[in-house]
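Read the figures in this text as sums done on the coordinates, not as results from a lab. As the structure is a prediction and not an experimental result, all values here were calculated from the model. Every residue, glycine among them, receives a Cβ derived from its backbone with ideal geometry; neighbour counts consider all protein chains shown.
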Amino acid sequence: MAASSQVAVIESIETQPLAPPQPGEFRLQSERVEKLAAKLEKANDPETRAAALDLLQSVMELHGMALNRMLQQLAKTPEGEAAVIDAVNDDLVSAMLLLHGLHPDDIETRVPRGIEKVRPYLKSHGGDVELSGVHDGIVHLVLHGSCGSCPSSSLTLKTAVEDALFEAAPDIVEIKADNAPAAASATSNLVMIQ
């Protein structure tokens, strides 16, 4: 590629406005793709159905190969490596890399990142979450504070945790959250019955 063409490509990328990340955007688009693929599966004409599904698979493979090649090119320079690290921190890019089997981090690394993203929100509502472990794609958590003891806020905070975890690791199979035992308040006049 000629130097002037390279400059034109870079300038066109730099001038395109970057859309702000939207919560759950990858999950929403993935669900849409799955619904459309399911619709194709039900097509009456088997030949059309097979061609459409083959087209979908071919586009996926083409995108995966292009992403892989781009990552290989970026990895050749320190600046490129830094760009990849920054890109992986974007939930949409991260999910896309995961979809194509190109994500550099395993689920055990991505789940704690999701927890750290939601922790300030939990703490602002008097709660917290502890990661017990990740086994075979199943995330085990313990909810603390108001997220475990107040039924009205418990569901909201549990949903916030689940959303943050699925954003960080869409390959999670299941999230199992247990409530931590409520600590008896030092100023409470109530007796805890066991």
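Measuring r between the beta carbons of Leu92 and Met65 and using R0 = 25 Å, the FRET efficiency lands at 0.80. If the segment from Arg49 to Asp105 were pulled out straight at 0.36 nm per residue, it would be longer than the present Cα-Cα gap by 16.6 nm.
Close amide H contacts of Ala177 (hydrogens built in the peptide plane, cut-off under 5 Å, sequence separation of 5 or more or a different chain): Leu141.
Residues whose amide H lies under 5 Å from that of Val129, counting only those 5 or more places away or on a different chain, are His144; hydrogens are built 1.01 Å from N in the peptide plane.
Here Arg49, Arg110 are placed in order of increasing Cβ neighbour count within 10 Å, fewest first, which gives Arg49, Arg110. 3J(HN,Hα) along segment 124-141: 5, 10, x, x, 7, 9, 10, 7, 7, x, 10, 9, 6, x, 9, 9, 10, 10 Hz, from the Karplus curve 6.51 cos²θ - 1.76 cosθ + 1.60 with θ = phi - 60°, whole Hz, x for Gly and Pro.
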